[in-house]
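The values are calculated or read from the model by the stated rules, or taken from the named source; none is laboratory data. Here the structure is a predicted model, which is why all the values come from computation and not from measurement. Cβ coordinates were reconstructed from backbone atoms using ideal geometry, including for glycine residues, and neighbour counts include every protein chain displayed. Side chains included, ligands, DNA and RNA excluded: accessible areas come from the protein's heavy atoms. Shrake-Rupley method; radii C 1.70, N 1.55, O 1.52, S 1.80 Å.
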Amino acid sequence: MFQRISKSLRGCVSSWFFAFFFLCFFCSSLFGSNWQNIGPDGGNIWQIISLQSSLYVVTYSKGLYGPSYIFKSIDKGNTFFEITPPEITAPQNADSYIQKIAVDYKNENIIYVATAGGVFKSENGGDSFFKCGLDGEVVRTVAIDPANADIVFAGTKENGLFKSIDGGMNWEAANNGIEAIDISYLTIDQKNPKTIYACTEPNKIYKSVDGGNSWEEWLESCNPTFLTVDPNDSNVIYILVGEFGMSPYKTIDGGKSWTHIDVGFPFVYTIYINPLDSKNVFIGTPRGLCLSKDQAETFQCYREQFINNFLITAVACDPSNPTIVYAGTDGGGLYRSLDGGETWEYSCKGIRALFVCKVAVDPENNNLVYCGTRGGGLYKSEDFGKNWVIKDLPLSPFCFLSIEDIIFFPADPSKVYIGGSKLFRSVDNANEWSEMFYSNGDSIYTFNVALDPQNENVIYVDNSKSEDGGNTWQSFLPPVVQPGTNYVSELIVDPKNPETIYMAFRWNYIFKTVDGGKNWIEISSSIPDSAKETLCSSLALDQVNSDIVYAGFNGIYKSYDGGNNWSLKGLEGKNVISLLVDPKNSNIVYAGTLLDGVYKSIDGGENWFELNEGLSNKTIYSLTIDPKSPARIYAGTSSGIFCITQSYPEIKEARKMVDPFRLKVTGSNFHSDLKV
């Protein structure tokens, strides 16, 4: 391909050649390609609403400043698409978080969304939303009168209950008789819609029998968080109460007497009554889903089929076919049963809300990509992330499996280590796993795993070290840092000198050892304390010159002498929580931020530009580069993995032509919008 670029120039030919090359590189990085969300599908399921022709799922984030989402299915859960109101897809703070949704069962186009900043409404099934009131209110719950959809109730955190009689256009306080101001849950009796229950914190449930015009205290109990009424018998009511708001109780006489529901576990997360057969009651527990066919007297519990997470947070049945049941998990996505709950299948296609902690690419076979999630276990792709499968890992005694870190042994990448709620090792390319047992003095949860690249028996896990392949462990912590007082955010072994190790702590310190942990020195004292007052910190090492270290706090700092001295390199005001240095080109550095997406430098951190086109989630928990194709970058977010494959111009020749000064440049992969 031939391209000619001309302009009136001053200076020598060589200067303009390098300027041209720099601009080609810079502009192509800007315009070459966009981020694409490649999954995996799944997420933390907060609420499920199943109607005649549509299915709604609300997800929430298990991470810092992660957005909530609403997904919709019109094919019984085979596929989903997102309908989240644009105003709340990427919140800058918790004020926009989705708390609960309500859908009109008679007109499924009518949807209300309770958020921490007011109420949103859709009149077209989620195609569009508009703000319909209670601006600035932390709205925790919303309910629609089944007999009159114009009547809507909204419970708030600080100002009690509100009622609208015109479809949410206007709201009035409806607290007559309610003393508590924090409304945590609302339930309308489907058989008698004038009867409404309001759970309030810290210790009361109120009841209205006149459509919310007046209220009386109905039950006093610690921390009521949930109440559901049998749709066929108003005297049968189930509640969750207790210290943590998760102890299940039942009444069959309208609340005169109560019995505790025993499912073999002291607390549960949700209770759901099959609307077509109210003897069938589902209870979600940390150990799976329990089904009763005798109105919660006895239970059959299911666990093993929820392969990546068996903490059940939400349940719903298809109202036209009670054998179709949906169960949501706390991080493991949505499952579906087609036989009333006997067998289960993963049903998350299109639900992009999985919290991704780490992405790892096999250094020898880069089409193998691994994804570690918080609450969803481990995923593997054999085609660069186009398709994903869940890797079945043992969960017991945990109800979920979180994967915070994934690392390959450099000399033999078939040996893979993963750390999170458990520590595992595989020696056959992640096909079979063996658990490694260790203790770091506080817990067995692992945020970071590091290996000596020259000795596979030396393993580091946060503040513990093993020199015998994980059989025994010893403390690996700077003496000035007390166990349990801080979290290790980064643990990096110098690939050229494995005795040199960097350890970064969240909020304040970076330590370094040059003798394998025998002695430590703090190397972050020259970084201003104001810069270190951040929620997270990050660290990255130049693989070519390991004396060059980058630290992400409030802004990016760079050291040329192994951390002895630091200089600010930009992005002030940005909380940099992930860093990546191109292993083949040390001038290329990427920075992931808490709320502002990805930034890129092509001159070793001297200048930065945004790399956010197509990036709908701008909180970047991890950055990973394809070792064989460094133009391909993976970003882990609370809504899955985003991938970008950048394109660079290939310049074969640049030479001066006749006056006026012109450069003739030959090569390939130039873009039409590239100008000097």
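General observations
- Scanning segment 535-570 for residues being open to solvent by less than 40 Å² (accessible area, probe 1.4 Å), out of contact with any Gly (no Cβ under 9 Å at 6 or more places or on another chain) and in contact (Cβ under 8 Å) with a residue 40 or more places away in the chain gives a total of 4.
- So GLU653, is it modelled with pLDDT under 95, more than 25 Å from the chain's Cα centre (by Cα) and open to solvent by 50 Å² or more (accessible area, probe 1.4 Å): yes
- Verdict on CYS317 being farther than 30 Å from PRO630 by Cα, in a strand (DSSP E or B) and hydrophobic (A, V, I, L, M, F, W, C): yes
Okay, residues lined up against (1) assigned to a loop (DSSP other than H, G, I, E, B); (2) among the small types (Gly, Ala, Ser); (3) open to solvent by less than 40 Å² (accessible area, probe 1.4 Å); (4) more than 27 Å from LYS204 (Cα to Cα):
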| site | (1), (2), (3), (4) |
| --- | --- |
| GLY136 | yes, yes, no, no |
| PRO146 | yes, no, yes, no |
| GLU158 | yes, no, no, no |
| ASN175 | yes, no, no, no |
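- Per-region count, segment 189-234, residues in a loop (DSSP other than H, G, I, E, B) and closer than 21 Å to MET246 by Cα: 8
- Scanning segment 343-360 for residues that are open to solvent by less than 10 Å² (accessible area, probe 1.4 Å) and of a type in the set (Val, Ile, Thr) yields ILE351, VAL356, VAL359.
- Scanning segment 571-613 for residues that are assigned to a loop (DSSP other than H, G, I, E, B), more than 19 Å from ILE548 (Cα to Cα) and either in contact with a helix residue (DSSP H, G or I) (Cβ under 7 Å, 6 or more places away or on another chain) or not basic (Lys, Arg) (or both) turns up GLU572, GLY573, LEU594, LEU595, ASP596, GLY597, LEU611, ASN612, GLU613.
- Exactly one residue out of GLY333, GLY284 is in contact (Cβ under 8 Å) with a residue 40 or more places away in the chain, within 22 Å of the chain's Cα centre (by Cα) and over 26 Å from GLY242 (Cα atoms), and it is GLY333.
- Some residue of segment 104-117 being open to solvent by 10 Å² or more (accessible area, probe 1.4 Å), touching a Lys or Arg at 6+ places or on another chain (Cβ under 9 Å) and under 11 Å from THR84 (Cα atoms): no
Let's see how each residue does on (1) in a strand (DSSP E or B); (2) among the charged types (D, E, K, R); (3) touching a strand residue (DSSP E or B) at 6+ places or on another chain (Cβ under 9 Å):
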position	(1), (2), (3)
GLU304	no, yes, yes
ILE307	no, no, yes
THR313	yes, no, yes
THR323	yes, no, yes
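- Conditions (1) open to solvent by less than 10 Å² (accessible area, probe 1.4 Å); (2) closer than 20 Å to LEU227 by Cβ; (3) part of a strand (DSSP E or B): number failed by VAL268: (3)
- Condition met for ALA102 (within 29 Å of VAL325 (Cβ to Cβ) and of a type outside the set (Lys, Arg)): yes
Matching residues to (1) of a type outside the set (D, E, K, R); (2) out of contact with any strand residue (DSSP E or B) (no Cβ under 6 Å at 6 or more places or on another chain); (3) open to solvent by less than 10 Å² (accessible area, probe 1.4 Å):
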site: TYR185; (1), (2), (3): yes, no, no
site: LYS207; (1), (2), (3): no, no, no
site: GLY212; (1), (2), (3): yes, no, yes
site: LYS256; (1), (2), (3): no, yes, no
site: PHE282; (1), (2), (3): yes, no, yes
site: GLY288; (1), (2), (3): yes, no, yes
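- Checked against the criterion of being open to solvent by 10 Å² or more (accessible area, probe 1.4 Å), over 17 Å from the mean Cα position of the chain (by Cα) and of a type outside the set (Asp, Glu), the candidates GLY340, GLY385 yield just one match: GLY340.
- The sole residue among TYR112, TYR105 that is of a type in the set (Ser, Thr, Tyr) and touching a Gly at 6+ places or on another chain (Cβ under 7 Å) is TYR112.
- Hits in segment 368-382 - residues which are open to solvent by less than 40 Å² (accessible area, probe 1.4 Å) and in a loop (DSSP other than H, G, I, E, B): LEU368, GLY375, GLY376, GLY377
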